[in-house]
Amino acid sequence: MFAFLLNQVEGVFYVNDALEKLMFEELRNACRGGGVGGFLPAMKQIGNVAALPGIVHRSIGLPDVHSGYGFAIGNMAAFDMNDPEAVVSPDALVAMEKAMKRDKIIVNDRQLACARIASPEGQDYLKGMAAAGNYAWVNRSSMTFLTRQAFAKVFNTTPDDLDLHVIYDVSHNIAKVEQHVVDGKERTLLVHRKGSTRAFPPHHPLIAVDYQLTGQPVLIGGTMGTCSYVLTGTEQGMTETFGTTCHGAGRALSRAKSRRNLDFQDVLDKLADMGIAIRVASPKLVMEEAPESYKNVTDVVNTCHDAGISKKAIKLRPIAVIKG
Amino acid sequence: MEAARSVGPLVVVGGGIAGVTCAEQLAVTFPEEDILLVTASPVIKAVTNFKQVSKVLEEFDVEEQPSTVLENRFPNIKVIESGVRQLKSEEHCIVTEDGRQHVYKKLCLCAGAKPKLICEGNPYVLGIRDTDSAQEFQKQLRKAKRIMIVGNGGIALELVYEIEGCEVIWAIKDKAIGNTFFDAGAAEFLISKLMSEKSEAKIAHRRTIYTVEGKCNIWLVSFMDETKRRAGHTTVKTCRISWVSRLPLNLPHHAWPFKCWVDSAHLCTQTLRGVFGGISMLYLYYDIHVSAGTVWIVLTNIHFVQFSHSIHIETKCEVKKIYLQEEFKIMKKKPLTFPKDQHKSVTVDKEVWPVYVELTNGKIYGCDFLVSATGVTPNVHPFLHGNNFDLGEDGGLKVDDQMRTSLPDIYAAGDICTACWQPSPVWQQMRLWTQARQMGWYAAKCMAAAGLGQSSDMDFSFELFAHVTKFFNYKVVLLGKYNAQGLGPDHELMLRCTRGQEYVKVVMQNGRMMGAVLIGETDLEETFENLILNQMDLSSYGEDLLDPDIDIEDYFD
């Protein structure tokens, strides 16, 4: 049973003209298909998140926002840790579903399973997430180490002589407890960043000494063949998005993959013998007219820059792409 | 009683993947202890180029190495090259063929399985299980014009695709090919690749066979001493060139035409212009054990024609009887020719073959030899006498979730064992190299834990069945209950297929993913692995889950 909650806060997303077209296209297609359940368009997901209990300020979609499980990828949402209603929302876990029933939490989208931050499930989840974060950090450190060794071996020198050091290490999918100023008061918030990057401005105490003057570096990887960027955090970003910016080019509905001729009648005939129900995937006819729906990293980065939530610093051209 | 038994080394029987992995793991865990590896063959199998593709998917190569390599890497491993004649479980010792007795503290049996031969003792019936038999097979294949393959498992599938330049009659007892691995739909998808008249231009074959037509010059070029000697000049009508790597061929004093596969694509692309003025050439690398070092044989002036497959499939039949040439002459039965096309126009075969096979559907074909790929049977025989092992229905040694057999201090891993623990709902035992490795490793872990009086937690690789392989040059990934094994009628399938490119089949039960078959470069294996492991309710997505327009990998990331 669904009660449609009115939003607690506004849902906002940042776009330029090109990206705006893509967002609305996605929404239009979803509505045409009668889209209930399944793959929700990002706009709708931003709205659903905006209705979560305890959310503060806004549910924000960065320019590269696109549909994802639970939260849209590129969605930021902050929850007041001191609000007893506030939730942490990891996605559908069985424990969460139990907690929601018990604590009477209603959401617009089943995928947005969550628990009160202070509840045992919420606390357990935060601990689990911290463990996962550590694991990921160790993993990245190991990869860095091995990369340095590999280069050293090939060039027959040491990693330090090659000046190979980590510029910055940041995660795109994590919820962090941070201090932010909201309505003039300093509050402790649980900031959910899914597919978005933390971008603190210059002089922020939490960033390393080396970057105190410039602000936190934000590494935006493009895709194969496109440019990548290094951005920095800004003061405006702190107030508008709690120090959050995009994380890369957003994949909307990638048409590249659907250039197929789905032709399988023979195969279907053979399978039909088994008497088991078979469903067949086929791209919806509407998609045939849709334009290239790929969010370009340059559009995304420029939009962030123009909106003032991060500043472009360096543009990088790819020399080689290694796919593993 | 137990205290008196805890002397002696840890003994592993079997030099295959399971045995070697177990021995290595034991050697690493117990650097102070002696590990004995008993193997009947002079070479052992080693895993090389191991790559963890995703959480449970692994890729690796299997190489044969002399046992000294293992002993060098692990000084506490000693390899005994002898088969096992008898196992005396009460006394905790094994007796090897060479008459020696070896006492063990703990024993792990990894003696594998052997091919079920449809007919024992017939020299024209070959089974392929390992590289020994594969080499024998290749030797026979070089001279063959037509062979028959009986069986429908992984080995048969691989063979059928790999063999070129030879007629193949494939007899299967099922309705569709690849029964153990695929359903009828995937089989249909693969068959179209197999039966196509022209091979696609850009297949990255490991081996390619070329036909040389017309006159061709043959040169011997040695890069060591820069001499070019003209070796011969031959008029070749149809010289099939197929070459088995690493088998030294004696130099061209005997029968031209000779057969050799060109072993890697880059050899052919060294069709250099310039040296011989733009004439297309084929360099064949020969490793000739003479003092001249390496010698190249160069064929110039050749005209390449690529073979396609010549395969005819007989379904729903088994082998009724096999006749040798002499017997068959007396029988006066009528053998059929190789059906050249899809039409039923078969005629009586005038050619004489060394062996004739009568199938249960009444057809008779002559051929050079027959390959029996009908499955394997666990090698338990040497260990049974005098010991009361619990055996599984398939004849293997039953093992529990600590890889223990029913007898104390005896473990088993790999093809010889039958897993009898309560399996995860998305895992099943299959006699594959990947499982042999996982089991060997896990058995060693359990043996170590038992030594400390502890038990082991089931290894993660047994949570989800996962296997990645190549069939018909397609990447094939099998996950979980990929053929809805044991799910009964209460499940449904989701399918996405593009002829010649990819085949995606997902098994769903109660809205959750239970298994998947992915053929081709789908990039879906990691996402599906996760969805099967976390059993997320996917019913709201319906068949949109496989919508190619939606980047599902990114969505669930």
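Take the conditions within 16 Å of B:Cys108 (Cβ to Cβ) and surrounded by 14 or more Cβ atoms within 10 Å (Cβ to Cβ) and apply them to B:Ser89. Does it pass?
Details: within 16 Å of B:Cys108 (Cβ to Cβ): yes; surrounded by 14 or more Cβ atoms within 10 Å (Cβ to Cβ): yes.
For B:Ser89, the condition - within 16 Å of B:Cys108 (Cβ to Cβ) and surrounded by 14 or more Cβ atoms within 10 Å (Cβ to Cβ) - is met.
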Report summary line: Subset of region B:483-540, residues out of contact with any Cys (no Cβ under 9 Å at 6 or more places or on another chain) and of a type in the set (Phe, Trp, Tyr), comes to B:Phe528
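Yes/no per residue for (1) crowded, with 23+ Cβ neighbours inside 10 Å; (2) facing chain A (nearest Cβ under 8 Å); (3) at pLDDT 90 or above:
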site	(1), (2), (3)
B:Asp490	no, no, no
B:Arg496	yes, yes, no
B:Gly500	no, no, no
B:Met508	yes, no, yes
B:Arg512	no, no, yes
B:Ala516	yes, no, yes
B:Thr522	no, no, no
B:Phe528	yes, no, yes
B:Leu531	no, no, yes
**Report entry** Which listed residue is touching a Leu at 6+ places or on another chain (Cβ under 9 Å) and either modelled with pLDDT under 75 or within 30 Å of B:Lys320 (Cβ to Cβ) (or both), from B:Val150, B:Val221
**Finding:** B:Val150
Query raised in the report: Inside region A:217-250, can you point out the residues that are of a type in the set (Ser, Thr, Tyr), in a loop (DSSP other than H, G, I, E, B) and within 21 Å of A:Asp183 (Cα to Cα)?
Result: A:Thr234
Report task. Please find, within region B:544-553, the residue that is nearest to the other protein chains (Cβ to nearest Cβ) out of those that are crowded, with 18+ Cβ neighbours inside 10 Å and part of a helix (DSSP H, G or I). Result -> B:Leu546
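When you look at A:Ala136, is it part of a helix (DSSP H, G or I) and either touching a Lys or Arg at 6+ places or on another chain (Cβ under 7 Å) or within 30 Å of A:Thr239 (Cβ to Cβ) (or both), yes or no? Before you say what the answer is, go through the steps one by one.
Working: part of a helix (DSSP H, G or I): yes; either touching a Lys or Arg at 6+ places or on another chain (Cβ under 7 Å) or within 30 Å of A:Thr239 (Cβ to Cβ) (or both): yes.
So A:Ala136 passes the test.
Does A:Gly248 satisfy being small (Gly, Ala, Ser) and over 15 Å from A:Leu62 (Cβ atoms)?
Considered against the rule, which asks whether it is small (Gly, Ala, Ser) and over 15 Å from A:Leu62 (Cβ atoms), A:Gly248 comes out as no.
Condition check: out of contact with any Lys or Arg (no Cβ under 9 Å at 6 or more places or on another chain), surrounded by 14 or more Cβ atoms within 10 Å (Cβ to Cβ) and modelled with pLDDT under 90. Does A:Ser228 satisfy that?
When the stated conditions are applied, A:Ser228 does not pass them.
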**Report entry** Filter result for A:Val49 (more than 30 Å from A:Asn296 (Cβ to Cβ), modelled with pLDDT of 85 or more and among the aliphatic types (A, V, I, L, M))
**Finding:** no
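Rundown of residues vs (1) assigned to a loop (DSSP other than H, G, I, E, B); (2) buried (at least 17 other Cβ atoms within 10 Å of the Cβ); (3) modelled with pLDDT under 90; (4) not charged (D, E, K, R), yes/no style:
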{"residue": "A:Leu146", "(1), (2), (3), (4)": "no, no, no, yes"}
{"residue": "A:Gln149", "(1), (2), (3), (4)": "no, no, no, yes"}
{"residue": "A:Asp161", "(1), (2), (3), (4)": "yes, no, yes, no"}
{"residue": "A:Ile167", "(1), (2), (3), (4)": "yes, no, yes, yes"}
{"residue": "A:Ser171", "(1), (2), (3), (4)": "yes, no, yes, yes"}
{"residue": "A:Pro205", "(1), (2), (3), (4)": "yes, no, yes, yes"}
{"residue": "A:Gly215", "(1), (2), (3), (4)": "yes, yes, yes, yes"}
**Report entry** Residue count for region A:154-177, restricted to those that are aromatic (Phe, Trp, Tyr) and over 23 Å from A:Leu231 (Cα atoms)
**Finding:** 1
**Report entry** Residue pairs meeting the criteria (Cβ under 7 Å; at least 6 apart or on separate chains; first more than 16 Å from A:Ser171 (Cβ to Cβ), in region A:227-249; second in a loop (DSSP other than H, G, I, E, B) and among the basic types (Lys, Arg))
**Finding:** A:Cys227/A:Arg317; A:Ala249/A:Lys295
Query - Elements of type strands (runs of 3 or more DSSP E) in region A:10-87, at least 3 residues being within 14 Å of chain B (Cβ to nearest Cβ) and in contact with a strand residue (DSSP E or B) (Cβ under 8 Å, 6 or more places away or on another chain) - result: A:55-66, A:73-80
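The values are calculated or read from the model by the stated rules, or taken from the named source; none is laboratory data. None of these values were measured; they are calculated from a predicted model. Please note: Cβ atoms are built from the backbone with ideal geometry, for glycine as well, and neighbour counts cover all protein chains shown.
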